[in-house]
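Everything on this sheet refers to the single structure shown next.
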Amino acid sequence: MPQNRAHGVIRPSLHHVWSQSSIFTSFVLCSLFVLFVVAGVLAVLPERLLRRCAPWRSEILAGVWGCLGLLALVGAVCRLEGGVSWFPVFGMDGPALPMLVLLAFTGGVMGVGQRGLACALTGLAFLALSPLVFGLLAGTALVLLADRGRQGVCLPFAVIPACIPADSPLSPPALCLMVLLLGWAVSSQKGPEAVLPAGIGLFLLGRLLAEVGVLPPVQQGLLMVSGGAVALWGAVQAVRSPAACNILAGVASAGYGGLVVMLTLALAAPVKGGEFFRTATLLATGAPFLALLAALWLSRQDGGVFTPNSAVAQARGSRLALGGSLLLLSAVPPLGGFSVFWCLLNAGEVAAAHTHPAQALCLLLVLVGAACVMALGMIGLLRVGFATFVQQRPAAGGAVPQGALTGGDAPSLSSVLLLPAWICAGGAALITLLPGGWLALVDHLFAGDTPRDFAWKTLARVQFAGSDITLTPVFSVLALAVCVVGAGLLGRVFGVFPLRPAVPGAAAWRDGAPVVQQDHEALPAPVSEPSMSAVWTAFGVLLGAAEQKPTDWPVVEKTSAGARYLQAVLFRTVAWCEAQGMVLILLFLGAGLLLGLFAAK
């Protein structure tokens, strides 16, 4: 029975039937390659070439991505690995097929244009066996997703770790740079494409950490600090941003940083509880990922949920889909986010009980930081939910907000067009109820010492190897349902409803009376307190610049002129780099290969 080198363990699977030279393996690999090429071509093909098929482009692309997802799902269930001898550039290894299952959902909702092409190139990069081919395809996809000139220049540096040996001393700094750059790319996106840079980073980080094994403490600290910085950055964006798409992009960035920290603890830290951290990472790529994808798709359609009377806010079933996605993404028990948090708590307990006190204290601090980031993300989700379910309600007799569409001018969105959101939300709900099946499906995504096989007894629960701790979300859902039904029946029998809506009433003598506006007396202006301006004025008199503004000073004028010149040079350089983006990618990859060759010696 062959050995899985990416995981270092022998897995009892279907390898004795589906070998590397089997017809079924060749069929799946070639079909995936052809479908990715078709998806990329259809995403950017002009409408004049499609002719009568142009109105059906989105439906055709959805079918192509659906076939890709089914093939990847079958391959992941059958544990297919290997390639074909006559086409050695692409092949399937452990983490490729589970990641393609997630990528199929992303590609199905991203649409056409450069975003669809970037998704297809990312899928081909996951199938690439050569680091150079992976870097070229993944770097091109990141450049296509760049929304600023600076990103088009900086993001190709994120794929440099693929061209450097995993045991090189330059690999940890390159990985930290990759985490920071991809966190920046995730937080700046506005829609489902926000999850694409995060998927590239997790795929590459999981592969490299599986090869190098246990990192030294300093390198572990660098990776965790980088992931924590990205997570905090995204959480602050989720709290402060005024737009729904930016809030959810911040939540995605916070989740990406948290996954980097968990993956570092699961694969590179010699502490107890590594299986708990690995399970938490695998669960985070399931229900929370799909729920976030549905919420991101809804936040981008026709102005998003913050726009007054937007199509998403007025469409039938859109609020239900968005509310379900936000609940599945949150940490409300027993939903997807809660399962991840539950695994983290158990991991911290086991690790703190079996490690050195100093190391246990560091782990507890990491868990406290993760809880704070999760709390900030929950605040961002509450902001989106409040804007959708409270601010979008039509006010009875109230004034229409400026810029809002009324009556028949309001945009309409068919319920059929909400199908991508419903599919992602339904998949997230299914994974929440059957976490054991999802863990067995994506077991090859990140390295582990204990294989997970499909079994009926573990299909609906989260279970860890060598531990009796389990979580069964189905029982929690049934218990909550019984409590809700019981409370409703008691309220109907005794006529007590604590959440009965209040009905405002008016006195009988005021019915039909006109509204009289009363003139209120003008309030006296508040007395201004002395500020720091007097101190600065006195300081200016002391320096002899009392009658001059700071902008009139010669030093300030010369500094401003130099800054304007440097800004013009920077803009010209960025414009040239945008025009020569593909050439720069090749140069960066070649430099990375040469650097890796010299660093390996």
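Rule-based calculations on the coordinates, nothing more; no lab input. Predicted, not measured: the structure shown is a model, and the values here were computed from it. All Cβ positions, even for glycine, are placed from backbone atoms using ideal geometry, and neighbour counts span all protein chains on display.
Classify the stretch 74-118: rounded, prolate or oblate, from the alpha-carbon gyration tensor (a ≥ b ≥ c, eigenvalue square roots; a/c under 1.5 rounded; otherwise prolate if a/b is larger than b/c)?
Values: a/c = 3.64, a/b = 1.61, b/c = 2.25.
Taking the square roots of the gyration eigenvalues as a ≥ b ≥ c, the stretch 74-118 is oblate.
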Worksheet, complete the sentence: Computed from the beta carbon distance with a Förster radius of 56 Å, FRET efficiency for residue 50 and residue 359 to the nearest 0.05 stands at 0.40
